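Engineer: My structure is below; once you've seen it, I'll send some questions.
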Amino acid sequence: MRFDDEFIFRTEDISPQDLIDIFVATKTDRDNLNYIKSKSPLLLEGSRGTGKTMLLRVAEKEMDEDFNSPRELAVFVNFSKAIFVDAYKDIVYFRNWMFSKILFALKRKLEKKGIVLSSTGIMGNYFGFIDKEENILQKLDDFIYALENSWSNKNFDISEKASEIFGVDLK
């Protein structure tokens, strides 16, 4: 790890391994990390630069390292580019952008962990398709792509596209 000649502006820019190497937890930090990793709902608030993202990223890294035992998947989603999405005119476009970010991060984490999605699992049950021949990752890719197009193209009907992708009537 070398930080001599670099200046890191945001915690999101630090690699997960470097993050663990530079993080020094206080007792309060450790208590907060344990609470973040619990199943309890949490609202983490604080001023800019107080370490909220650092705590979330460290919690994700720790949960990744312990994944095989509890089988709980931690997914950190960065919304720093949200200011570029025009949510003022219609919140639907912001929602679609946000969903595409969440699904992309989820898919990437599933792939990184080597977790295979089956159509008979939670994704298949949630979207209502059970055919074992369906390629769920491809459908997820297509849906993410549709969401990304929907927030930048105001004439795009996401419900119609989702119905086409998943083969279910969403209206």
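Engineer: Restricted to the stretch 88-105, and to residues that are surrounded by fewer than 16 Cβ atoms within 10 Å (Cβ to Cβ) and either touching a Pro at 6+ places or on another chain (Cβ under 9 Å) or of a type outside the set (V, I, T) (or both), which residue is nearest to D142 (Cα to Cα)?
Structural biologist: The residue in question is A105.
Engineer: Taking helices (runs of 4 or more DSSP H) that do not extend beyond the stretch 8-78, which have at least 2 residues that are closer than 19 Å to I102 by Cα and not assigned by TED's automatic domain parsing to the domain that holds L103?
Structural biologist: Filter on the stretch 8-78 gives 52-65.
Engineer: Let me ask something additional. Within the stretch 26-51, which residues are over 16 Å from D66 (Cβ atoms) and of a type in the set (A, V, I, L, M)?
Structural biologist: Scanning the stretch 26-51 gives L42, L43, L44.
The values are calculated or read from the model by the stated rules, or taken from the named source; none is laboratory data. Remember, it's a predicted structure, so these values are computed and weren't measured experimentally. Virtual Cβ from ideal backbone geometry, glycine too; neighbours counted across all protein chains shown.
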